[in-house]
1. Any residue that is more than 27 Å from residue 48 (Cβ to Cβ) and modelled with pLDDT of 95 or more - is there at least one of those in region 152-161?
2. Among the candidates 47, 25, 8, which residue alone is more than 10 Å from the ligand (Cβ to nearest atom), under 20 Å from the mean Cα position of the chain (by Cα), buried (at least 16 other Cβ atoms within 10 Å of the Cβ) and touching a residue at least 60 places away in the same chain (Cβ under 8 Å)?
3. Among the listed residues 92, 127, which satisfies the condition of being among the hydrophobic types (A, V, I, L, M, F, W, C), surrounded by fewer than 20 Cβ atoms within 10 Å (Cβ to Cβ), over 18 Å from residue 181 (Cβ atoms) and in contact with a Lys or Arg (Cβ under 7 Å, 6 or more places away or on another chain)?
4. Taking the conditions exactly as written (at pLDDT 95 or above, over 16 Å from the mean Cα position of the chain (by Cα) and farther than 24 Å from residue 212 by Cα), does residue 39 satisfy them or not?
5. Would you check if residue 152 is over 30 Å from residue 221 (Cβ atoms) and buried (at least 16 other Cβ atoms within 10 Å of the Cβ)?
6. Assess whether residue 135 counts as being part of a loop (DSSP other than H, G, I, E, B), out of contact with any Gly (no Cβ under 7 Å at 6 or more places or on another chain) and closer than 30 Å to residue 38 by Cα.
Amino acid sequence: MQIDARTVKKHFEKSMEDYDKNAVVQRLIAGKLIDELVKIKTSFSDVLELGSGTGLLTKEFFARCKCTSFTANDLTARSKFYLDKILPDYEFIAGNAEKIKTGKNFDLIISNAMFQWFSDFKNSVNFKLYSMLKNDGLLAFTTFSENNFKEIRKTTGISLEYKKFTDLKEILAENYKILHAEEFDYKMNFTSALELLAHMKHTGVNSLGTRKWTFVEVKKFCEEYQKLYPEISLTYSPVIFIVQKK
Ligand SMILES: C[S@@+](CC[C@H](N)C(=O)[O-])C[C@H]1O[C@@H](n2cnc3c(N)ncnc32)[C@H](O)[C@@H]1O
């Protein structure tokens, strides 16, 4: 599926109000990422967060780590509205993280549940983010691997191009020392396919195409999903990486 940054931005902006209530997996992995980070280091000088959204990861980071300067980025400038409530002093840069210009380097770049939206993961981590890290700098992020939303892919044929865990590791190993790498599956169950669709909408997931579905298309999706997955389950497959610039 082609990633259109304008559509991704629009979908996330619409979801932000309901995001925190619905982002069960995103909250879980933000916590797990920081659990692993604090085993390595808790005090940083310059930190950059990419795809800060409503600040789930930002809160986790500041609850257990500290830094001298913090820069946040998101496709949507609305993220700043949420971060202003969390942070007294920080810089916010709106726009696509793949093209971000910061004017400084960082000893830590963090990101939760965002790198799957990169149009070119390899180029982003191995060139763009690599060039913004100081020597020995850390890149700590979560994203999702190939099984993510496998039920949606099977039912609709539509999916982001989630990479295999082994491929993500291989790409990162080119330029980074891997300090932590983890993958697991997390199944959510819903009472109906409509409830599942609402869950996806409220977490900003745009895996169902750019066009609004008609009533008939929604009905067909629900019937098909309930037939294939009577327990109305949805698989997330998060991955957690902490890597160090070589
Ligand atoms: C699933 S949300 C995660 C938000 C937050 N990191 C958290 O822990 O809940 C993904 C966020 O990434 C942002 N995003 C998606 N693609 C992006 C890109 N290319 N550059 C910057 N932000 C992006 C979206 O606007 C959204 O706020």
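The values are calculated or read from the model by the stated rules, or taken from the named source; none is laboratory data. Just so it is clear, the model here is predicted, and its values are computed rather than measured. Ideal geometry is used to build each Cβ from the backbone, glycine not excepted, and the neighbour counts take in all protein chains shown.
1. Within region 152-161, not a single residue is more than 27 Å from residue 48 (Cβ to Cβ) and modelled with pLDDT of 95 or more.
2. Among 47, 25, 8, only 47 is more than 10 Å from the ligand (Cβ to nearest atom), under 20 Å from the mean Cα position of the chain (by Cα), buried (at least 16 other Cβ atoms within 10 Å of the Cβ) and touching a residue at least 60 places away in the same chain (Cβ under 8 Å).
3. 92
4. Considered against the rule, which asks whether it is at pLDDT 95 or above, over 16 Å from the mean Cα position of the chain (by Cα) and farther than 24 Å from residue 212 by Cα, residue 39 comes out as yes.
5. Here the answer is no, as residue 152 does not meet what is asked.
6. no
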